[in-house]
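Student: Okay, here's the structure, questions in a sec.
The values are calculated or read from the model by the stated rules, or taken from the named source; none is laboratory data. Quick caveat: nothing in here was measured; it's all calculated off a predicted structure. Glycine gets a Cβ as well: all are built from the backbone with ideal geometry, and neighbour counts include every protein chain shown.
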Amino acid sequence: MRGKLITLEGIDGSGKSTVVKRLQENPEIQALDPVFTREPTRGTLTGTAVEQAILSETDQLAELFLFTADHAEHLAKLVKPALGSGKTVISDRYSDSRYAYQGMTLKNRIKEPMKWVRGLHRGWTVVPDLTFLFDIEPDTAVERCGKRGEQTKFEKIEFLRGVQENFFRLAAEEPERFLVIDANRPQEAVEKEVVEKILGFLGNEQK
């Protein structure tokens, strides 16, 4: 039986990466023996290229194709094999981040950029079974990013507002896949809800 792919999405500073770390320590989640991963990948040729591009003035189209190459490598080497063996895969960011973020970076270069980027993935990507969308005020998110240290080029309020709008457009198109999480709350409350939703989702799928 094919495993399930669960993704956590949201703008920078939404707290999803912190929740993923907590999920890895949660005994109820650990009992499921999930595979935790992220995009961009870490310790890979493609993931390193993406990280370098984020910190540089790389052309937006070139940056998109680096992200897409990393996604292809991620699918081939980890996601598809894990799902094929029946594992639950939990990913901190996935293809929806590309649609939402590159849908903003390319808005002045390509007509309907988010639709175009999604089209590049059609036919070969794996669509998640469940996606948590962390909803947070962009100004709060940027404030959190500032507390982490140096901000990347993506961590600007107006840019993140546009990214968030793109995320909500995606969620509106696939309401059966997306679960919107109020990330303005304390981290413990957010984590508790995510754990409950994951357990409920996987429990219902096994019935």
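Student: Test Val194 against the stated conditions and say whether it is under 17 Å from Val20 (Cβ atoms), of a type in the set (Val, Ile, Thr) and crowded, with 17+ Cβ neighbours inside 10 Å. Talk me through it step by step, then tell me what you get.
Tutor: Numbers: under 17 Å from Val20 (Cβ atoms): yes; of a type in the set (Val, Ile, Thr): yes; crowded, with 17+ Cβ neighbours inside 10 Å: yes.
In short, yes.
Student: Would you confirm, using the coordinates I've provided, whether Phe201 is surrounded by 13 or more Cβ atoms within 10 Å (Cβ to Cβ), within 24 Å of Val142 (Cβ to Cβ), at pLDDT 95 or above and touching a Leu at 6+ places or on another chain (Cβ under 6 Å)? Spell out the reasoning first.
Tutor: Details: surrounded by 13 or more Cβ atoms within 10 Å (Cβ to Cβ): yes; within 24 Å of Val142 (Cβ to Cβ): no; at pLDDT 95 or above: yes; touching a Leu at 6+ places or on another chain (Cβ under 6 Å): yes.
So Phe201 does not fit the description; no.
Student: Okay, moving on. Considering only residues that are assigned to a loop (DSSP other than H, G, I, E, B) and more than 17 Å from Gln164 (Cβ to Cβ), which ones fall in region 107-124?
Tutor: Initial filter on region 107-124 (assigned to a loop (DSSP other than H, G, I, E, B)): 107-112, 122-124.
Residues satisfying the conditions are Asn108, Arg109, Ile110, Lys111, Glu112, Arg122, Gly123, Trp124.
Student: Let me ask something else about it. Thr131 - would you say it is in contact with a Lys or Arg (Cβ under 6 Å, 6 or more places away or on another chain), β-branched (Val, Ile, Thr) and at pLDDT 95 or above? Talk me through it step by step, then tell me what you get.
Tutor: Values: in contact with a Lys or Arg (Cβ under 6 Å, 6 or more places away or on another chain): yes; β-branched (Val, Ile, Thr): yes; at pLDDT 95 or above: yes.
In short, yes.
Student: Next question, about the same structure. I need the full set of residues from region 1-13 which are outside any loop (DSSP other than H, G, I, E, B) and either out of contact with any strand residue (DSSP E or B) (no Cβ under 7 Å at 6 or more places or on another chain) or among the acidic types (Asp, Glu) (or both), in order please. Spell out how you get there, then give the answer.
Tutor: Quick first cut of region 1-13, residues outside any loop (DSSP other than H, G, I, E, B) only: 5-10.
Result: Glu9, single match.
Student: Determine which single condition Gly47 fails, assuming it passes every other condition in (1) among the small types (Gly, Ala, Ser); (2) within 17 Å of Phe134 (Cβ to Cβ); (3) surrounded by 20 or more Cβ atoms within 10 Å (Cβ to Cβ).
Tutor: The failed condition is (2).
One line per residue, one yes/no per condition, for (1) part of a helix (DSSP H, G or I); (2) loosely packed, with under 14 Cβ neighbours inside 10 Å:
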| position | (1), (2) |
| --- | --- |
| Ser91 | no, no |
| Ala100 | yes, no |
| Val126 | no, no |
| Glu176 | no, yes |
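Student: Looking at region 14-49 only, could you name the residues that are in a loop (DSSP other than H, G, I, E, B) and out of contact with any Asp or Glu (no Cβ under 7 Å at 6 or more places or on another chain)? Before the answer, list the steps.
Tutor: Kept after step one, since they are in a loop (DSSP other than H, G, I, E, B), are these residues of region 14-49: 14-15, 24-26, 31-34, 39-44.
Scanning region 14-49 gives Ser14, Gly15, Gln24, Glu25, Asn26, Ala31, Leu32, Asp33, Pro34, Arg42, Gly43.
Student: Could you say whether any residue in region 184-193 is hydrophobic (A, V, I, L, M, F, W, C), more than 21 Å from Glu63 (Cβ to Cβ) and at pLDDT 90 or above?
Tutor: Let us first name the residues in region 184-193 that are hydrophobic (A, V, I, L, M, F, W, C), namely 189-190.
Narrowing the set further to residues that are more than 21 Å from Glu63 (Cβ to Cβ) leaves 189-190.
With the extra rule that they be at pLDDT 90 or above, the set shrinks to 189-190.
The answer is yes, given that some residue of region 184-193 is hydrophobic (A, V, I, L, M, F, W, C), more than 21 Å from Glu63 (Cβ to Cβ) and at pLDDT 90 or above.
Student: In this structure, does Glu150 turn out to be of a type in the set (Asp, Glu), modelled with pLDDT of 95 or more and either in contact with a strand residue (DSSP E or B) (Cβ under 9 Å, 6 or more places away or on another chain) or not in a helix (DSSP H, G or I) (or both)? Step through it out loud before you land on a result.
Tutor: Details: of a type in the set (Asp, Glu): yes; modelled with pLDDT of 95 or more: no; either in contact with a strand residue (DSSP E or B) (Cβ under 9 Å, 6 or more places away or on another chain) or not in a helix (DSSP H, G or I) (or both): yes.
So Glu150 does not fit the description; no.
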